[in-house]
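Here is the structure we will look at, set down as structure tokens.
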Amino acid sequence: MNPGLIVWMLFAHFVADFLCQTEKMALNKSKNMMALLDHSVADYVVLLSMYLLYLFFITDVSKFNSLFFINFISHFIIDGISSRIYDWTWNNDKKRLFFKVLGFDQFLHVSILLVTI
């Protein structure tokens with residue numbers, strides 16, 4: 001497993017999941033399927049772009065696999081569940097639990113990235 005690819009994909013996930021997520025997506029993905037879909041598609045597009053950039057400059061195309069489909073579907077499912085838990089914890093002043101759920105959400109996303117890489 002290429003350590004450079006792992007670091008690059010983790011960076012791509014950070015950019016997609018945090019920097020590219022709008023406030024509207026973050027506040028509505030637990031209530032609105034389209035907001036969740038928009039967030040998942042944005043994550044998928046950034047991840048795909050970063051992976052293609054990595055392939056273009058650093059390695060060969062033979063490593064191109066089902067990474068994108070698996071990560072898109074899993075991201076949609078994970079965030080579909082975790083965003084509802086986020087809302088409940090935040091609205092019920094359970095801030096510590098909110099951050100535990102956020103950490104577990106990221107653990108799941110990163111685990112799936114590592115397995116698919």
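The values are calculated or read from the model by the stated rules, or taken from the named source; none is laboratory data. Since the model is a prediction, treat every value here as computed from it, not as a measurement. Here the Cβ positions follow ideal geometry from the backbone for every residue, glycine too, while neighbour counts run over all protein chains shown.
Please determine whether any residue of region 55-68 is modelled with pLDDT of 80 or more, closer than 16 Å to His109 by Cβ, touching a Ser or Thr at 6+ places or on another chain (Cβ under 8 Å) and of a type in the set (A, V, I, L, M).
no
Check whether at least one residue in region 71-84 is modelled with pLDDT of 85 or more, among the aromatic types (Phe, Trp, Tyr) and out of contact with any Lys or Arg (no Cβ under 6 Å at 6 or more places or on another chain), and report yes or no.
Yes; the residues of region 71-84 include at least one that is modelled with pLDDT of 85 or more, among the aromatic types (Phe, Trp, Tyr) and out of contact with any Lys or Arg (no Cβ under 6 Å at 6 or more places or on another chain).
Determine whether Phe69 is in a helix (DSSP H, G or I), within 18 Å of Tyr44 (Cβ to Cβ) and among the hydrophobic types (A, V, I, L, M, F, W, C).
yes
Quick one: in region 1-43, which of the residues that are over 11 Å from the mean Cα position of the chain (by Cα) and β-branched (Val, Ile, Thr) is farthest from Leu108 (Cα to Cα)?
The qualifying residue farthest from Leu108 (Cα to Cα) is Thr22.
Where the second residue is modelled with pLDDT under 85 and the first is among the acidic types (Asp, Glu) and lies in region 16-36, which pairs have Cβ atoms under 7 Å and are six or more apart or on separate chains?
Taking only residues 6 or more apart or on different chains, the pairs are Asp17/Asp43.
Just need a number here: residues in region 88-107 that are closer than 21 Å to Lys31 by Cβ and surrounded by 16 or more Cβ atoms within 10 Å (Cβ to Cβ).
Summing the residues that are closer than 21 Å to Lys31 by Cβ and surrounded by 16 or more Cβ atoms within 10 Å (Cβ to Cβ) in region 88-107 gives 4.
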